[in-house]
Structures are given as structure tokens and as C-alpha cells.
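Trainee: Can you read through this structure? Questions will come right after.
The values are calculated or read from the model by the stated rules, or taken from the named source; none is laboratory data. Because the structure is predicted, anything quoted here is derived from the model rather than measured. The protein model used for the area step is the full one, side chains on, heavy atoms only, and it has no ligands, DNA or RNA in it. Shrake-Rupley method; radii C 1.70, N 1.55, O 1.52, S 1.80 Å.
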Amino acid sequence: MLDEKYITNRIKELCEKKQMSMYALSKKSGISQSSLSNLMKRGSTPSFFTLDKICDGLGITLAQFFSNDREVLDITEEQKKVLQVWDLLTDKQKQAVEIYVRGMRLE
């Protein structure tokens, strides 16, 4: 169960991790600075729509926002592209790619 401050604490955590100010989040999310400030001060729970806009501003999905796997947030755009291709491969192709990549590391 999430506590009442989970969402605001998580927003603060993600902003710190991305070195993003509340002002920058406001601009990127399209939420006014005063609305974002009020949300953070009160520690209230935003609507789904507002939280979705905040996630867009942070460059993450709602799933990533609530994920316990914090490392998922550190994936670069290049890595995302590779993972999208990876998802389309057969098991045999994935095995071949893994062998190839391991071989590259030995060079």
C-alpha cells in the first residue's frame, strides 16, 4: 500500500535524479508552476490526467513512475531502440545476439 506522500516524494526523487527543477518540470509537463507547487506543498494526490502529464514531463511512463525497478529509468534512447528490436527477435536470434555481444566484449 502506498502512503499519502508517495506520489509527491516520488516526483521529488525523479526530479533530483534527472537534475530537473520544479520550474523545468512545469514547462515540460504543461502544468502551471503554481499548480505544481500547490500539489507538492500539500502532498495531495493528483488526478490521473495530471500525473500522466507529470510523467510526460519527466520522460517516463506511468508504469515506470510506480515501478520498484529504479534502473529502468536510466535507459538511454539508444538502449530503448535496441530493446524494441530485441522484442521482435525469436529465442534463437536472441541467443545468437547474446553470443555475438559477449564476443565483442572480449576484443
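Trainee: If a residue has to be closer than 27 Å to Ile60 by Cα and either open to solvent by less than 100 Å² (accessible area, probe 1.4 Å) or not in a helix (DSSP H, G or I) (or both) to count, how many in the range 81-97 make the cut?
Mentor: Of the residues in the range 81-97, 6 are closer than 27 Å to Ile60 by Cα and either open to solvent by less than 100 Å² (accessible area, probe 1.4 Å) or not in a helix (DSSP H, G or I) (or both).
Trainee: Of all the residues that make up the range 39-76, how many are within 16 Å of Tyr6 (Cα to Cα) and of a type outside the set (A, V, I, L, M, F, W, C)?
Mentor: Selection size over the range 39-76: 14.
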